[in-house]
Amino acid sequence: MAGGAAVVDSSSKVYPGRMTAFVIFASLVAACGGLMLGYDIGISGGVTAMSSFLQPFFPDVYRKEQGIVSSNQYCKFDSHKLTFFTSSLYLAALLVQWPASYSTSKHGRKLSIIIGAVIFLLGAAFNAAAIHVAMLYIGRLLLGLGVGFVIQAAPLYLSEMAPSKSRGSLNTIFQLMITIGILLANLVNYATNKIQGGWGWRLSLGLAALPAAIVLLGSISLPDTPNSMIERGASEEDVKKYLRRIRGIDDVHEEYQDLCDACANASKAANNNNNNKLAIFQRKYVPQMVMTFLIPFFQQLTGINVIMFYAPVLFQTLGFGNDASLMSAVITGLVNVAATGVAFLVVDRYGRRPLFLEGGLQMLLSQVTIGSLIWKVFGVAGVASVSKGYAYGIVALICVYVAGFAWSWGPLGWLVPSEIFPLEIRSTGQGINATINMLMTFVIGQVFLSLLCATKFGLFFIFAFFVLSMTLFIAFFLPETKGIPIEDMSKVWSQHWFWRRFVPCEDSTRRVEMV
């Protein structure tokens, strides 16, 4: 863990209170935004592996898949029209980030979540009723707009709602819901693929409305976070009443006062910067900016969405039959959920850095081994038959890789960027985080099948290189943020061996213990 700094702050506050049922309910509702995203990540790969879907909408891919045109396993699903069906959602989510950031800041986290759920419902209806490719694309774009609002607001809602000692666990629920959504999508695809008549894919796409309906109905009954209420001018009586409800105690004056101070400092900073969104690029925010750019950038270059988007397609490329490929995707989905549950249990006990580093090493070894096995079986020509032993081995290695991601870069890629920004630039910072995430997701989703065709087994070694790079980045440059109140988070940077040159030390009496 060279270069990391853990702050032991004698002045850090642990506010009184307990984990209340109301906080758990509110967090589950907000985290169901991850269910929307996860279902859509999982559903597209399964649908695009169904012959009944490919034949009417993407006949050129159908002919390759049936072996009529090409026998090269690496290239049989290579189609920019097909990949745009998957990746267009993330393009729309990318484009909507700045309007979503404005809505989240000015009108509250709750309203942005509601807006996202409504738009997502419309997208699900378009996709289920599609009669030509244009309707599919319109539906995916609407889904993307909805996802864009939700991923902007939901992680902030979770971070601001949670007590500092439980913030990691509650925020991890968002990633846990993503994994559950992926698993549900894989199970739905496996079931609907067996429906006679060729309309199973419509049910798969239409059921995306279910998680959106859960989020919409649940969000209507929730108030906004205390931070957002103060930021938008709520009265002291209303905020304290709400704090008492979510903390389960009567004495909330200290936390309320610190929230007010943080809001006042945020307002002052915003006024000094003339409410300039570009204020986030000031020197004192350099550490947060680097993290919010590079963490989502590296998160997507792990290659995880290659597995999640195209798991059935990838397994068919490796020689699995249609049902077998869908079932293999279900297996990886189960591993994804279970491993994310591990992160939920340990992230606030052991911290962010240990999970980042262990997960990175696990993914690195898995990617190198997977690439080597595919190289041995398919070589460069991409023509081979896979024995059951090799097939099971590749599935097992993919499960090891998915587990490494699911208890490290999966949940932490959302948690860390959502907790490190001060209030005055928090929604802008989350907007940048979501923008980079969606941009890289779009790029990877759009080019993966072409890259697989062009680089063949080498693609897995490319991902392994990025996994190595990002693990070294975390080892040297990310301080531990476990247990730090979100209002005091800026102090960790002034005590880090590297970032302190950008951030002035606010309290010279604080003790720092280097890990």
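Looking at the stretch 387-456, which trypsin sites (Lys or Arg not before Pro) are in a loop (DSSP not H, G, I, E or B) and have at most 15 other Cβ atoms within 10 Å?
Counting only loop positions with at most 15 other Cβ atoms within 10 Å, none of the trypsin sites (Lys or Arg not before Pro) in the stretch 387-456 qualifies.
Thr225's amide H: which non-local residues (gap 5+, or another chain) put their own amide H closer than 5 Å, with H modeled 1.01 Å from N in plane and none for Pro or chain starts?
HN-HN under 5 Å from Thr225: Arg109, Lys110.
Starting from one equal scatterer on each C-alpha and no solvent at all, send me the Debye-based log10 I(q)/I(0) for the stretch 75-229 at q = 0.09 Å⁻¹, two decimals.
One equal scatterer on each Cα of the stretch 75-229 leads to -0.33.
HN-Hα J couplings of the stretch 142-157 from phi, Karplus 6.51/-1.76/1.60, θ = phi - 60°, integer Hz, Gly and Pro as x?
Along the stretch 142-157, the couplings run 5, 4, x, 4, x, 4, x, 5, 5, 6, 6, 9, 5, x, 5, 4 Hz.
If you roll a 1.4 Å probe over the chain with all protein chains in place, what percent of the accessible area is carbon or sulfur?
Its accessible area is 66 percent carbon and sulfur atoms.
Given points 7 Å out from each Cα along the Cα-Cβ axis, report the Tyr102 to Ser469 separation in nanometres with one decimal.
3.4 nm
When averaged across all projection directions, what area in nm² does the alpha-carbon convex hull of the stretch 156-292 cover?
12.2 nm²
What's the FRET efficiency of Ser235 with Val380 using the Cβ-Cβ distance as r and R₀ = 56 Å, to the nearest 0.05?
Efficiency at R0 = 56 Å is approximately 0.20.
For the chain, what's the radius of gyration and Dmax over Cα atoms, in angstrom?
Considering the chain through its Cα atoms, Rg and Dmax are 23.0, 73 Å.
Write down the Å³ per residue value for the convex hull defined by the alpha carbon atoms of the stretch 386-515.
Roughly 143 Å³ of hull volume per residue.
Structure shown: which of Lys110/Lys482; Lys110/Lys240; Lys194/Lys376; Lys106/Lys482; Lys106/Lys165 lie over 22 Å apart, alpha-carbon to alpha-carbon?
Beyond 22 Å: Lys110/Lys482; Lys194/Lys376; Lys106/Lys482; Lys106/Lys165.
Sort 332-340, 193-201 for me by packing, meaning the mean count of neighbouring Cβ atoms within 10 Å per residue, highest on top.
Packing proxy ranking, top to bottom: 332-340, 193-201.
Test of understanding: what is the full-extension gain from Ala125 to Ala454, defined as 0.36 nm times their sequence separation minus their Cα-Cα distance?
Answer, rounded to one decimal: 114.9 nm.
Tell me, rounded to the nearest percent, the portion of alpha carbon pairs in the stretch 366-445 spaced more than 22 Å apart. Display every interim value, and only then the final one.
Values: 1550 of 3160 pairs.
Of all Cα-Cα distances in the stretch 366-445, 49 percent exceed 22 Å.
Applying the Karplus parametrisation 6.51 cos²θ - 1.76 cosθ + 1.60 with θ = phi - 60° to the phi angles of the stretch 118-128, what ³J(HN,Hα) value in whole Hz is obtained for each residue in order, glycine and proline being reported as x?
5, 5, 4, 4, 4, x, 4, 5, 4, 5, 5
So, for the stretch 29-173, what is the accessible surface per residue at a probe of 1.4 Å, expressed in square angstrom?
Accessible surface, normalised per residue, equals 28 Å².
The values are calculated or read from the model by the stated rules, or taken from the named source; none is laboratory data. The structure presented is a predicted model; accordingly, all values stated were derived computationally and were not measured. Every residue, glycine as well, gets a Cβ built from its backbone with ideal geometry; the counts of neighbours run over all protein chains shown. The protein model used for the area step is the full one, side chains on, heavy atoms only, and it has no ligands, DNA or RNA in it. Shrake-Rupley method; radii C 1.70, N 1.55, O 1.52, S 1.80 Å.
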